[in-house]
Amino acid sequence: MKISSVRGVKDILPEEVWKWQFIESVSQRIMEDYGFTEIRIPVFEYTELFARSIGQETDIVEKEMYTFQDSKGESLSLRPEGTAGVVRACISHRRLQPDSVSKLYYSGPMFRHERPQKGRYRQFYQIGAEVFGTDNPWVDAEILSMLHLLFQRLGIPGTTLQINSLGCTDCRPAYRKALQEFLVQEEAALCTDCRRRTQTNPLRVLDCKRPDCKEATQGAPSVLASLCRDCMAHFEAVKEALGLMGVPYEVNARLVRGLDYYTRTTFELLSDQLGAQNAVAAGGRYDGLVEQLGGPPTPAIGFALGMERLATLLPEETNHSRAKPLYLAPLGEAAMERVPVLLHKLRARGIAVQTDYLGKSLKSQMRQADRMGAAYVGILGEDELSDGVILLRNMETKAQTKVPLEGFVDQIAETMSGEGA
Ligand code: ATP
Ligand code: MG
């Protein structure tokens, strides 16, 4: 029987893995420059952690989690996102002290049982970052400027930053109530999910992708109109900082997030090149979550970006991550016998080198070297062997020189380091 992969998951094949590596290395560099350090958290946690942080009445917890019982009957879930685990880890290791700020980032696979489609998988990869310990609006702007810079460095065009404020525990209840009253009026036009959400999680109705629901909520009251003075001032300060830094943004008063824990600043980075699944990164402030999970009162803000969606946006010409190798082409058994030790010596000098193991013809070895993007090919045939040389071909200029076998490793090391290869 042929075994296939599970629906909604995908293999990242060698031809495209450079995209993941490139995104990881560029974002790692930027985040470290911004003072973030990495934390690696488990792929599964107690189900309760996600239920309590993300919220019972959210799509993720209601229907998207991979939940199972271990042999002791404990309910465990594969992580659908990273923030809950990071907060849990910080609390259990007592890393959240009053009057101190900590900045952490993570990356890795997340799991959600969603309907698979373009840009939507059941195992997908996120990179995320969190700042704990301050509600300073400059930090909100800093996170957004960091994302802006990241997208610039990755060379990704056509993204828009949308921001909103969802208020705090003081002003949100009044908005929730006003929105609920509005939605009850429009009930007939809403989908069944949204009718239910009207009671359980009315803000989520604004996030429904169905055209009918979008239409029906056109005239919904704006969350921005109901912000308390502090939340209003906070939002103004975020916008001012973004303006001063030259980070372009749009205010979208309908931007809510699918997770319950958000307060104040929320944001999404949208691409005009992705079709329906157009959000590349998203996040916001969650000032109440740490305390809600049993930690000390700790304001916080974070984001997560979807690597699959980012990978499809990477311009193909970005693929310059690999050093161009040397290719050794032995012809005949005697030459092949010399190759293993040569390879070993070259690699010990830090030279990327590959060869043919199958005794192929010169022509097909040259073709293979070409496919690998080799900078040089070292040809070692019977004639070369008896002359004690290797014929070194520069694949770009096509120039060929004879290099004595004796000093080959030294010479090639010099040549290739001179070219930055
Ligand atoms: P969406 O509105 O697309 O469902 P979301 O609000 O559920 O996104 P978040 O939980 O904020 O997404 O996750 C942050 C980012 O992770 C998203 O902007 C997206 O790029 C990516 N992402 C989320 N779910 C998936 C998925 N099932 N497959 C691939 N990427 C995803
Ligand atoms: Mg989703």
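From the residues in the stretch 288-307 that are part of a loop (DSSP other than H, G, I, E, B) and in contact (Cβ under 8 Å) with a residue 24 or more places away in the chain, which one is nearest to L166 (Cα to Cα)?
Quick first cut of the stretch 288-307, residues part of a loop (DSSP other than H, G, I, E, B) only: 288, 293-299.
From the residues that got through so far, the ones that are in contact (Cβ under 8 Å) with a residue 24 or more places away in the chain too are 288, 293-296, 298-299.
On the way: G288: 13, L293: 20, G294: 23, G295: 23, P296: 22, T298: 18, P299: 15 Å.
Applying the filter and picking the extreme gives G288.
Within the set of pairs 6+ apart or on separate chains, which have a first residue in the stretch 112-128 that is of a type in the set (G, A, S), a second that is at pLDDT below 95 and away from ligand 2 (no atom under 12 Å from the Cβ), and C-beta atoms under 6 Å apart?
G119/L274
Within the stretch 91-114, is there a residue that is open to solvent by 50 Å² or more (accessible area, probe 1.4 Å), over 21 Å from F267 (Cα atoms) and within 10 Å of ligand 1 (Cβ to nearest atom)?
yes
Kindly state which helices (runs of 4 or more DSSP H) lie completely within the stretch 171-287 and contain at least 2 residues that are out of contact with any Pro (no Cβ under 7 Å at 6 or more places or on another chain), open to solvent by less than 30 Å² (accessible area, probe 1.4 Å) and closer than 20 Å to G55 by Cα. Step through it out loud before you land on a result.
Details: elements: 172-185, 192-200, 211-216, 229-245.
Passing ranges, in order: 192-200.
Looking at the structure I just gave you, is E45 under 29 Å from E316 (Cβ atoms), of a type in the set (D, E) and open to solvent by less than 70 Å² (accessible area, probe 1.4 Å)?
no
One residue is enough: does the stretch 22-41 have a residue meeting the conditions charged (D, E, K, R) and surrounded by 16 or more Cβ atoms within 10 Å (Cβ to Cβ)?
No, there is no match, as no residue in the stretch 22-41 is charged (D, E, K, R) and surrounded by 16 or more Cβ atoms within 10 Å (Cβ to Cβ).
Just need a number here: residues in the stretch 288-337 that are more than 27 Å from T415 (Cα to Cα), among the β-branched types (V, I, T) and open to solvent by less than 50 Å² (accessible area, probe 1.4 Å).
3
Hey, does the stretch 23-30 have a residue that's in the same structural domain as A300 (by TED's automatic domain parsing), within 16 Å of ligand 2 (Cβ to nearest atom) and within 15 Å of F303 (Cα to Cα)?
Within the stretch 23-30, not a single residue is in the same structural domain as A300 (by TED's automatic domain parsing), within 16 Å of ligand 2 (Cβ to nearest atom) and within 15 Å of F303 (Cα to Cα).
Can you tell me which residues in the stretch 61-86 are within 19 Å of the chain's Cα centre (by Cα) and within 22 Å of G295 (Cβ to Cβ)?
Kept after step one, since they are within 19 Å of the chain's Cα centre (by Cα), are these residues of the stretch 61-86: 78-86.
Once the filter is applied, which keeps residues that are within 19 Å of the chain's Cα centre (by Cα) and within 22 Å of G295 (Cβ to Cβ), the stretch 61-86 yields R79, P80, E81, G82, T83, A84, G85, V86.
Could you list all residues from the stretch 250-272 that are touching a Ser or Thr at 6+ places or on another chain (Cβ under 8 Å) and either more than 17 Å from Q292 (Cβ to Cβ) or of a type in the set (G, A, S) (or both)?
The initial filter retains those residues of the stretch 250-272 that are touching a Ser or Thr at 6+ places or on another chain (Cβ under 8 Å), namely 250, 253-261, 263-266, 269-272.
E250, A253, R254, L255, V256, G258, T265, T266, L269, L270, S271, D272 - these are the residues of the stretch 250-272 that are touching a Ser or Thr at 6+ places or on another chain (Cβ under 8 Å) and either more than 17 Å from Q292 (Cβ to Cβ) or of a type in the set (G, A, S) (or both).
For the stretch 45-65, indicate whether the set of residues that are farther than 22 Å from N201 by Cα and of a type outside the set (S, T, Y) is non-empty.
Yes, the stretch 45-65 contains a residue that is farther than 22 Å from N201 by Cα and of a type outside the set (S, T, Y).
For M336, only one of the following conditions fails: (1) under 36 Å from the mean Cα position of the chain (by Cα); (2) of a type outside the set (S, T, Y); (3) farther than 30 Å from I23 by Cα. What is its number?
The number of the failed condition is (1).
Please verify whether the stretch 401-419 includes one or more residues that are open to solvent by 70 Å² or more (accessible area, probe 1.4 Å) and of a type in the set (V, I, T).
yes
Quick one: how many residues across the stretch 54-78 are closer than 21 Å to D287 by Cα and within 16 Å of ligand 2 (Cβ to nearest atom)?
6
The values are calculated or read from the model by the stated rules, or taken from the named source; none is laboratory data. This structure is a prediction, so every number in the text was calculated from the model and none was measured. Glycine gets a Cβ as well: all are built from the backbone with ideal geometry, and neighbour counts include every protein chain shown. For the accessible areas, the whole protein counts, side chains as well, though only heavy atoms, and no ligand, DNA or RNA atoms are used. Shrake-Rupley method; radii C 1.70, N 1.55, O 1.52, S 1.80 Å.
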